[in-house]
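The values are calculated or read from the model by the stated rules, or taken from the named source; none is laboratory data. What you see is a predicted model, and the numbers here were worked out from it, not measured in a lab. Positions of Cβ are generated from backbone atoms using ideal geometry, with glycine treated the same way; all protein chains shown enter the neighbour counts. Ligands, DNA and RNA are stripped out before the accessible areas are found, and what is left, the full protein with its side chains, is counted by its heavy atoms. Shrake-Rupley method; radii C 1.70, N 1.55, O 1.52, S 1.80 Å.
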Amino acid sequence: MPQERHIIVVGAGVTGLTSAYFLAEEGYKVTVVAAHVPGDESIEYTSPWAGAHWRTSATPDQPTICDWDVQTYDYWIDVLNCEDADSKLPKSGLKMQTSNHYWDAQPTESLWWAPHVQNFHQLSTVAGPVSALNDSIPGGSPKIAWAASCRAPSINVPQYLLYLRAKAEGLGVSVIKSRLPTISGLETALDEAERVAMECGRPKADLFINATGLGAAKLCNDQMMYPIRGQTVLVRGEAHATRTRSGDGYVAYCIPRPGSGMTILGGTKEVGVWSEAVDPATTAIILERNQIFAPELLTGADGGFEVVSVQVGLRPGREGGPRVEGEVVGGRLVVHGYGHGSGGYQNSVGSARMVVGLVDEAFGARGGASAKL
Ligand SMILES: Cc1cc2nc3c(=O)[nH]c(=O)nc-3n(C[C@H](O)[C@H](O)[C@H](O)COP(=O)(O)OP(=O)(O)OC[C@H]3O[C@@H](n4cnc5c(N)ncnc54)[C@H](O)[C@@H]3O)c2cc1C
């Protein structure tokens, strides 16, 4: 029976917390052990630095990830419908927004997701608002050549992490802050996670979830992990819509942070770059690119943005995509869930459901311990 099984989830980012919450919903006893928890800020903790919004980066040759993203979109709509129906429910920090997508050339990426989102439609670039935008782009700079709009959730990420934690704790999940050693490998780290949990009165673990994001590079010596650096600028005011622009070698985006009175402007996707130092030249480029499509945020005394902060996060990239699979490590059952790259939020529901499925399978297979893993 799930209640008799104790699962330790290592990691309290969006991946670990969603997995912990869903496992607890399923009836498992769950303890989260993590070096960083909601409210913390660290370059080793990606989740607080995300934009974030639902804008899939999965491609048709990644059917599992496409499916995770669609599941998450649908789940978030259900969450929002419940919040609308009952004003006493805790607020997730999610909000459906108009989401405009601009390309400097006819998109080469597949728009497989168009039928899965609400109100997807192409926008004219020769008349209406996009044409007006193009008129405001200085001569010599690329214009918007193709555009589309849909409805998609954006996420107040600090609030969403706290919400997930509270939802999980409401189901009896215990969250323990502790850094696990990485130097002697995963097995030693899991021993330590169990020791720490037992010190807090939790039972021995029947299974572990490894949701350590980029930390898995060291913890599992996973050579396929790499950082994708993202610098963003938080500005005052909530943009009226989410906007993303894809050009030759760059992305620009503006994502309102629901309920916070602020908006995240981005950004960069620098593959293999570990630096957490803010680059002022990049900040200037981010502000310049966003100036065109977020004019409602130009409220500064100088006619520019009111900058609140500039920050850097490292997305947990992984060659071949996220690792969500079971393994036996030194006789311990482990389900890995890490390496979600640029899509950890929009993957989170589908990915966590797969984690729960693997856990169920593991226990089912041996009636207590896993042959499947
Ligand atoms: C600028 C930027 C914009 C983004 N925008 C979006 C977006 O719009 N949409 C989207 O879906 N995604 C977006 N992402 C990606 C998303 O943020 C990540 O995919 C996601 O946060 C990864 O979450 P995670 O839980 O796997 O890892 P993390 O959030 O890094 O969590 C890892 C956890 O493991 C713990 N841990 C690691 N090592 C150890 C150890 N040795 N001992 C104990 N604990 C350990 C950490 O403390 C932490 O709790 C963005 C990311 C960035 C940086």
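Stokes-Einstein at 10 °C, 1.306 mPa s, Kirkwood radius from Cα pairs: D for the range 93-171 in µm² s⁻¹?
Answer from the Stokes-Einstein relation: 105 µm²/s.
Hey, got the Cα dimensions of the range 242-373 along the principal axes, in Å, largest first?
67, 31, 25
Ignoring ligands, DNA and RNA, please state the percent of accessible area on the chain from carbon and sulfur, probe 1.4 Å.
52
Step through the residues of the range 60-74 one at a time and calculate ³J(HN,Hα) from phi using the Karplus curve (6.51 cos²θ - 1.76 cosθ + 1.60, θ = phi - 60°), rounding each to whole Hz and writing x for Gly and Pro.
Along the range 60-74, the couplings run x, 7, 10, x, 5, 6, 4, 5, 4, 5, 5, 4, 5, 4, 5 Hz.
Normalised by the number of residues in the range 266-373, what is the relative contact order in percent for Cα pairs under 8 Å and 6+ residues apart?
The value is 17 percent.
State the volume of the convex hull built on the alpha-carbon positions of the range 288-327, expressed per residue in Å³ and rounded to an integer.
Looking at the range 288-327, the number lands at 152 Å³ per residue.
Mind listing the phi-derived Karplus ³J(HN,Hα) values for the range 41-48, rounded to whole Hz, using 6.51, -1.76 and 1.60 with θ = phi - 60°, and x for any glycine or proline?
Once rounded to whole Hz, the list reads 10, 7, 5, 8, 10, 6, 3, x.
Once all Cα-Cα distances of the range 291-359 are split into 5 Å bins that start at 0, what whole-number percent is in each one?
Reading the bins upward from 0: 4, 13, 15, 14, 11, 10, 9, 8, 7, 5, 4, 2, 0.
Find the accessible area per residue for the range 1-126; the probe is 1.4 Å, ligands and nucleic acids are left out, and the unit is Å².
43
Using θ = phi - 60° and the Karplus form 6.51 cos²θ - 1.76 cosθ + 1.60, what ³J(HN,Hα) does each residue of the range 188-193 get, whole Hz, x for Gly and Pro?
5, 4, 5, 4, 5, 4
Using the Cα atoms as the points, what is the convex hull volume per residue of the chain in Å³?
Here the figure is 143 Å³ per residue.
Between Asp302 and Trp274, what length comes free when the chain is fully extended (0.36 nm per residue of separation minus the Cα-Cα distance, one decimal in nm)?
That works out to 6.7 nm of additional length.
DSSP loop trypsin sites (Lys or Arg not before Pro) in the range 192-234 with at most 14 other Cβ atoms within 10 Å of their Cβ, which ones?
Here the trypsin sites (Lys or Arg not before Pro) that fit, given the DSSP loop and packing criteria, are Lys204.
Using a Förster radius of 35 Å, what is the FRET efficiency between Glu319 and Ala166 based on their Cβ-Cβ separation? Nearest 0.05, please.
0.50
Relative to 2.2 N^0.38 Å, what does the C-alpha radius of gyration of the range 1-128 come to as a ratio? Two decimals please.
1.32
In Å, what is the Rg of the alpha-carbon atoms in the range 204-290, and how long is Dmax?
Looking at the range 204-290, its Cα Rg and Dmax stand at 16.9, 54 Å.
How big, in percent, is the set of alpha carbon pairs in the range 59-119 lying more than 16 Å apart?
58
What does the charge add up to near Pro158, with Lys and Arg as +1, Asp and Glu as -1, over the other residues with Cβ less than 13 Å from its Cβ?
Net local charge, Pro158 excluded: +1.
Mind checking which lysines have their Cα closer than 23 Å to the Cα of Lys204? Skip sequence neighbours fewer than 8 apart in that chain.
Lys29, Lys177, Lys372
Specify which residue in the list Met354, Gly321, Trp274 is farthest towards the positive end of the charge dipole of the range 272-373, using unit charges on the beta carbon of Lys, Arg (+1) and Asp, Glu (-1), about the Cα centre.
Met354
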